[in-house]
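The values are calculated or read from the model by the stated rules, or taken from the named source; none is laboratory data. In this text, all values refer to a predicted model and were calculated from it rather than measured experimentally. Here the Cβ positions follow ideal geometry from the backbone for every residue, glycine too, while neighbour counts run over all protein chains shown.
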Amino acid sequence: MFILLICLNNEANLMFWYIFFSIIGLIIILILIFGYPRKKNERIPCIEGLDDPGVTKAFEKMTKFLPFKMLYRKILSKLKKFQPNGLLVDIGCGSGNLIVRIAEKFQNLELFGVDISEDIIQLAKQRALDKSVDEKIEFKIGTAESLPFSDHSVDFIISTLSLHHWSDPLKVIEELHRVLKNNGTLLIFDFRRDARKFFYGLFTFATKIVVPKALKKINEPLGSISASYTPDEVNEIFSQTTFQNIEIHPYLAWMFINGKK
Ligand SMILES: C[S@@+](CC[C@H](N)C(=O)[O-])C[C@H]1O[C@@H](n2cnc3c(N)ncnc32)[C@H](O)[C@@H]1O
């Protein structure tokens, strides 16, 4: 009985320290995030390296890490709120990380993935095949500036982590507007350059220490966040286009942009 009491006591002690250190850890993280101001740096356009097989492979490796998985989960739960149906196109679909998940989760959609890189489209096709959703998705090589769709033909456009690579975002947005049906929906997810400094610390650490060599060479993922836009800049870009009906939802280091045609 006495031993049992000591054990219980030890367990209670352990639980106490576990909760204590968790709270201290959380407070330190919150201080690190909110104690430093947002970054104010000039945009540095970023060369897309996904047509280099080494970079493609390295990017694939990175997407297996938990933060990426959490990211796609967050985007999927955002997408669910829009209850998409009809034809959904993923612009800059990369190796299909998102669109394959969409195919698995949403049954009622006709799906297209478009990307500028031929190699990455091959990977996306392979991923769809591996996950047995290859019959649900069609992949096309194409640029966001000139999409392989007719006017007013698409119900939903999604694009993740691609906006900061578009060399002419105004032209792309006009193109998205052209292909969307009236009342069609646009959902873009990207980093925001004016992220909390903490995230620049994380991205610098990842770029210099964590990521495979091929990504270090092209300064990723730091290059991507430095090439991204601020919510104000996104607002300014859209204001110069026909796409007027948009909302920007900024978060700590990323943002969602959604709009209706
Ligand atoms: C960082 S990857 C993101 C891939 C994917 N959306 C994801 O979230 O995993 C950016 C992708 O955008 C594509 N891309 C860049 N510029 C593009 C353009 N102008 N038109 C179409 N795709 C483009 C690249 O080839 C690359 O696959």
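Does residue 125 satisfy the criteria of being more than 11 Å from the ligand (Cβ to nearest atom), among the basic types (Lys, Arg) and either assigned by TED's automatic domain parsing to the domain that holds residue 223 or in contact with a helix residue (DSSP H, G or I) (Cβ under 9 Å, 6 or more places away or on another chain) (or both)?
Against the criterion (more than 11 Å from the ligand (Cβ to nearest atom), among the basic types (Lys, Arg) and either assigned by TED's automatic domain parsing to the domain that holds residue 223 or in contact with a helix residue (DSSP H, G or I) (Cβ under 9 Å, 6 or more places away or on another chain) (or both)), residue 125 qualifies.
Kindly provide the set of residues from segment 176-195 that are surrounded by fewer than 22 Cβ atoms within 10 Å (Cβ to Cβ) and within 20 Å of residue 121 (Cβ to Cβ), ordered by number.
Selection gives 179 alone.
Name the single residue, out of those in segment 196-229 being among the polar types (S, T, N, Q) and touching a strand residue (DSSP E or B) at 6+ places or on another chain (Cβ under 8 Å), that is surrounded by the most Cβ atoms within 10 Å (Cβ to Cβ).
228
Just the residues that are surrounded by fewer than 18 Cβ atoms within 10 Å (Cβ to Cβ) and not in a helix (DSSP H, G or I), please, taken from segment 68-94.
Across segment 68-94, the qualifying residues are 82, 83, 85, 86.
Pairs please, first residue from segment 144-158 and closer than 22 Å to residue 82 by Cβ, second anywhere and more than 15 Å from the ligand (Cβ to nearest atom) and assigned to a loop (DSSP other than H, G, I, E, B), Cβ atoms under 9 Å, 6+ apart in sequence or on different chains.
Hits for this filter: 152/261; 155/84; 155/85; 156/82; 156/84; 156/85; 158/84.
Please specify each residue of segment 191-204 satisfying the condition of being of a type in the set (D, E, K, R) and either touching a helix residue (DSSP H, G or I) at 6+ places or on another chain (Cβ under 6 Å) or closer than 16 Å to residue 234 by Cα (or both).
Passing the criteria: 192, 193, 194, 196.
For residues in segment 90-111 being within 12 Å of the ligand (Cβ to nearest atom) and under 22 Å from residue 173 (Cα atoms), which is modelled with the lowest pLDDT?
94
Every residue in segment 146-190 that is near the ligand (Cβ under 9 Å from one of its atoms), in a loop (DSSP other than H, G, I, E, B) and either over 13 Å from residue 237 (Cβ atoms) or not charged (D, E, K, R) (or both), please.
Answer for segment 146-190, where residues must be near the ligand (Cβ under 9 Å from one of its atoms), in a loop (DSSP other than H, G, I, E, B) and either over 13 Å from residue 237 (Cβ atoms) or not charged (D, E, K, R) (or both): 147, 161, 162, 166, 167.
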